[in-house]
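Comments concern the structure below.
The values are calculated or read from the model by the stated rules, or taken from the named source; none is laboratory data. Given the structure is predicted, the values throughout are model-derived calculations rather than measurements. Glycine also receives a Cβ, built like all others from the backbone with ideal geometry; neighbour counts cover every protein chain displayed. Heavy atoms of the whole protein, side chains included, go into the accessibility calculation; ligands, DNA and RNA do not. Shrake-Rupley method; radii C 1.70, N 1.55, O 1.52, S 1.80 Å.
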Amino acid sequence: MKKICFLFAMHAEAAPLIEKFDLKEEKGFFAPLPPVLYKGEHNGKEIFVVLNGQQNGLDLVGCEPATLTAQLVLSTIRPDLLINAGTCGAFKSKGSAIGDVYLSDKNICFHDRRVGDNGGWYEMGVGFYPCMDATEMADELGFKLGRCTTGSSLDMAAEDLAMITKNEGMLKDMEAAAIAWVAQLHNTPLLCIKSVTDLCDGGRATEEEFRENLSMAAQKLKEACFKVLDYLLK
Ligand code: ADE
């Protein structure tokens, strides 16, 4: 494995990793576009971390910024592996708990693109984009495996839950499928590492639970990214 690039949506999710690897910002690399590049080295290999950037002081979360960042990264840095690292919601009914760390499993779906059920439009909407087989890695490193499912909202509409259930989604986020689509177009392998901040079926208000657990989940995410890097670079 030569070049690995991590994509994050939120600064708070990436900050512990940036600090741990003492990564430095490459100012203006994507100017005038908002994504931000950090670079450094680990075990003699270059490590790249790219954030979607900010607008009005707020992190650019969601599918559009993630698509833009992924396209820029894959056409300029050209990594051998893309890792989408971030936080997610999960389901206690599927055995998840706050602070669990998952690696992406099977393929990656959208859960809020309803464009009809016939003539292939359902599959086009949901995506079912590939991700690398992380079964052995999860086994060796002690992480859970789960299918990521992506939408444009932090909360969950009834229609979203219906689609998540139908497609056996386990990890609800706002970027993975957008990134997976671009990775597929570039034929670049993708792995998602997701740390659970909130339980979609836990009865708490999602935003409140997310904020409460964000820094704990970001610490867990950093440790997981470190373990995955060591596994991939060994
Ligand atoms: N990121 C963290 N928690 C999330 C949730 N419940 N839905 C979408 N993205 C998330």
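I'm trying to understand the selection: among the residues of region 194-214, which are outside any helix (DSSP H, G or I) and either away from the ligand (no atom under 13 Å from the Cβ) or open to solvent by 50 Å² or more (accessible area, probe 1.4 Å) (or both)?
Scanning region 194-214 gives Asp201, Gly203, Arg204, Ala205.
Say whether the condition of being β-branched (Val, Ile, Thr), outside any strand (DSSP E or B) and open to solvent by less than 70 Å² (accessible area, probe 1.4 Å) is met by at least one residue in region 19-36.
No, region 19-36 contains no residue that is β-branched (Val, Ile, Thr), outside any strand (DSSP E or B) and open to solvent by less than 70 Å² (accessible area, probe 1.4 Å).
I'm trying to understand the selection: among the residues of region 139-173, which are over 22 Å from Ala224 (Cα atoms), open to solvent by 30 Å² or more (accessible area, probe 1.4 Å) and part of a loop (DSSP other than H, G, I, E, B)?
Once the filter is applied, which keeps residues that are over 22 Å from Ala224 (Cα atoms), open to solvent by 30 Å² or more (accessible area, probe 1.4 Å) and part of a loop (DSSP other than H, G, I, E, B), region 139-173 yields Ser152, Ser153, Leu154, Asp155, Met156, Ala157, Glu168.
Can you tell me which condition Asp117 does not meet? The list is (1) open to solvent by 40 Å² or more (accessible area, probe 1.4 Å); (2) modelled with pLDDT of 95 or more; (3) at negative phi, and all the others hold.
(2)
Of a type outside the set (Val, Ile, Thr), in contact with a Pro (Cβ under 9 Å, 6 or more places away or on another chain), open to solvent by less than 30 Å² (accessible area, probe 1.4 Å) and in contact (Cβ under 8 Å) with a residue 40 or more places away in the chain: is that true of Cys109 in this structure?
no
Of everything in region 86-106 that's small (Gly, Ala, Ser) and within 12 Å of the ligand (Cβ to nearest atom), which residue is surrounded by the fewest Cβ atoms within 10 Å (Cβ to Cβ)?
Looking at residues that are small (Gly, Ala, Ser) and within 12 Å of the ligand (Cβ to nearest atom), I get Ser96.
Can you tell which of Leu58, Leu68 is without any contact (Cβ under 8 Å) to a residue 40 or more places away in the chain, over 24 Å from Ala217 (Cβ atoms) and among the hydrophobic types (A, V, I, L, M, F, W, C)?
Testing whether each residue is without any contact (Cβ under 8 Å) to a residue 40 or more places away in the chain, over 24 Å from Ala217 (Cβ atoms) and among the hydrophobic types (A, V, I, L, M, F, W, C) leaves just Leu68.
How many residues does region 30-82 contain that are modelled with pLDDT under 95 and in contact with a Ser or Thr (Cβ under 6 Å, 6 or more places away or on another chain)?
0
Name the single residue that is surrounded by the most Cβ atoms within 10 Å (Cβ to Cβ) among those in region 74-85 being of a type in the set (A, V, I, L, M, F, W, C) and either within 16 Å of the ligand (Cβ to nearest atom) or part of a loop (DSSP other than H, G, I, E, B) (or both).
Residue satisfying both the conditions and the ranking: Ala85.
Hey, among the residues in region 39-73 that are surrounded by fewer than 20 Cβ atoms within 10 Å (Cβ to Cβ), among the aliphatic types (A, V, I, L, M) and closer than 22 Å to Met132 by Cα, which one's farthest from the ligand (Cβ to nearest atom)?
Leu72
From Ala183, Ala217, Ala176, which residue is more than 16 Å from the ligand (Cβ to nearest atom) and surrounded by 20 or more Cβ atoms within 10 Å (Cβ to Cβ)?
Exactly one residue qualifies, and that residue is Ala183.
Going by the conditions given, is Leu190 under 23 Å from Ala134 (Cβ atoms), away from the ligand (no atom under 12 Å from the Cβ) and open to solvent by 10 Å² or more (accessible area, probe 1.4 Å)?
No, not satisfied.
Residues are listed down the side, and each one gets a yes or a no for (1) outside any strand (DSSP E or B); (2) more than 27 Å from Ala217 (Cα to Cα):
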residue	(1), (2)
Thr87	no, no
Gly99	yes, no
Tyr102	no, no
Asp117	yes, yes
Gly125	yes, yes
